[in-house]
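Trainee: So that we are looking at the same thing, I have put the structure below in structure tokens.
Derivation of every value follows stated rules applied to the coordinates shown; laboratory data play no part. None of these values were measured; they are calculated from a predicted model. For neighbour counting, all protein chains shown are included, and Cβ atoms are generated from backbone atoms with ideal geometry for every residue, glycine included.
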Amino acid sequence: NAGVTQTPKFQVLKTGQSMTLQCAQDMNHEYMSWYRQDPGMGLRLIHYSVGAGITDQGEVPNGYNVSRSTTEDFPLRLLSAAPSQTSVYFCASISPGAGDSVLTFGAGSRLTVL
Amino acid sequence: GQQLNQSPQSMFIQEGEDVSMNCTSSSIFNTWLWYKQDPGEGPVLLIALYKAGELTSNGRLTAQFGITRKDSFLNISASIPSDVGIYFCAGQRVSGANNLFFGTGTRLTVIP
């Protein structure tokens, strides 16, 4: 049981490049989500998914795409990176029965866009 | 989104001291939570509060759900070096994890 695994841990991109942040969990959690963390802003929800094949937008979805083809994986795609997307990204899931506010976070992916 | 204001933004304390921090909102919340983020890691849940006035402890940590439902408090007693990190409050007005909003964080430094 590895919990929530994020890769890569660090990434540097040039403006306009695309990339995918990977998130995987082996706990059979239905709910998965992506947050970004910026100084002085707390964590803000980008996209979330309540199960395979279902995704929805959070508070700050612009510039990001997601898909959920399996229960285990929830990748976050940046199609054309911008400096404003420099941030630390966290994937989080919820264990069934734990309450819908008890998130389990990955270790984070630090992205720098030049 | 909802604005949750945490204070103080940062704290420098001596090992063994007690710590108090709070989180306020202009909106009423039905659930308050406190998470801790260690350097280089993701946040981890410390305490969850589900009822106005509720006081809950987890070891040296005690958190309270404000009676107005617009604030919450976290106290750490007898701080130790491993208490270092960023403490986030989070509030939820309606059910659904997508309705969870996070505060701006309090960065705690403990001086041995």
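Trainee: For the peptides B:7-14, A:6-13, what is the packing order when you average, over each peptide's residues, the other Cβ atoms within 10 Å and list the highest mean first? Don't jump to the answer; show the numbers that get you there.
Mentor: On the way: B:7-14: 12.5, A:6-13: 14.4.
Taking the mean over residues of other Cβ atoms within 10 Å, the ranking is A:6-13, B:7-14.
Trainee: Test of understanding: ordering A:C23, B:C89 by Cβ neighbours within 10 Å, fewest first, what list do you get? Before the final figure, lay out each step's value.
Mentor: Values: A:C23 25, B:C89 30.
Ordered by Cβ neighbours within 10 Å, fewest first: A:C23, B:C89.
Trainee: Which of the chymotrypsin sites (Phe, Trp or Tyr not before Pro) across segment B:27-86 are loop residues per DSSP, with 14 or fewer other Cβ within 10 Å?
Mentor: Numbers: sites: B:F29, B:W32, B:W34, B:Y35, B:Y50, B:F65, B:F73; in loops: B:F29, B:Y50.
Listed in order of number, the matching sites are B:Y50.
Trainee: Between B:A52 and B:Q9, what is the label-point separation in nm under the 7 Å Cα-to-beta-carbon projection?
Mentor: Going from the B:Q9 label point to the B:A52 one covers 3.2 nm.
Trainee: Given R₀ = 22 Å, FRET efficiency for A:D73-B:D38 by Cβ-Cβ distance, to 0.05?
Mentor: On the way: r = 26 Å, r/R0 = 1.16.
The value I calculate is 0.30.
Trainee: Consider all pairwise Cα distances in chain A and report the whole-number % of them above 19 Å. Display every interim value, and only then the final one.
Mentor: On the way: 2559 of 6441 pairs.
The proportion of pairs with Cα distances above 19 Å equals 40 percent.
Trainee: What Rg and what Dmax come out for chain B when only alpha-carbon atoms are used, in angstroms?
Mentor: According to the Cα coordinates of chain B, Rg and Dmax are 13.3, 41 Å.
Trainee: Follow-up question, since we're still on this one. DSSP loop (so not H, G, I, E, B), at most 14 other Cβ within 10 Å: list which trypsin sites (Lys or Arg not before Pro) in segment A:22-114 pass both filters. Let's see the in-between values first.
Mentor: Working: sites: A:R36, A:R44, A:R68, A:R77, A:R110; in loops: A:R68.
In loop regions of segment A:22-114 (DSSP not H, G, I, E or B), there are no sparsely surrounded trypsin sites (Lys or Arg not before Pro).
Trainee: What is the calculated FRET efficiency for B:I80 to A:S84, with r their C-beta to C-beta distance and R₀ = 45 Å, to the nearest 0.05?
Mentor: Numbers: r = 38 Å, r/R0 = 0.85.
Efficiency for this residue pair is about 0.70.
Trainee: Moving to a separate point now. Can you list the lysines whose alpha carbon sits under 24 Å from that of A:K9, skipping same-chain ones fewer than 8 residues off?
Mentor: Of all the lysines, those that pass the test against A:K9 - Cα under 24 Å, at least 8 places apart if same chain - are B:K36.
Trainee: Sticking with this one: Which log10 I(q)/I(0) values does the protein assembly as shown give at q = 0.10, 0.13, 0.17, 0.18 Å⁻¹ under the Debye formula, counting every alpha carbon as one identical point scatterer?
Mentor: -0.45, -0.75, -1.22, -1.32
Trainee: Follow-up question, since we're still on this one. If we count other beta carbons within 10 Å of each Cβ, what is the order of B:M21, A:M32, A:M27, fewest first?
Mentor: Details: B:M21 22, A:M32 29, A:M27 15.
Ordered from fewest to most neighbouring Cβ atoms within 10 Å, B:M21, A:M32, A:M27 come out as A:M27, B:M21, A:M32.
Trainee: How long are the semi-axes of the ellipsoid equivalent to segment A:59-114, from square roots of 5 times the Cα gyration tensor eigenvalues, in whole Å, largest first? Don't skip to the answer; put the middle values down first.
Mentor: On the way: eigenvalues 119, 37, 20 Å².
Semi-axes from the Cα gyration tensor: 24, 14, 10 Å.
Trainee: Still on this structure, please answer the following. Could you give the dipole magnitude of the protein assembly as shown about its Cα centre, charging the beta-carbon of Lys and Arg +1 and that of Asp and Glu -1, in debye to the nearest 20? Walk me through the intermediate numbers first.
Mentor: Working: 14 positive and 16 negative charges, 96 e Å.
Charge dipole of the protein assembly as shown: 460 debye, to the nearest 20.
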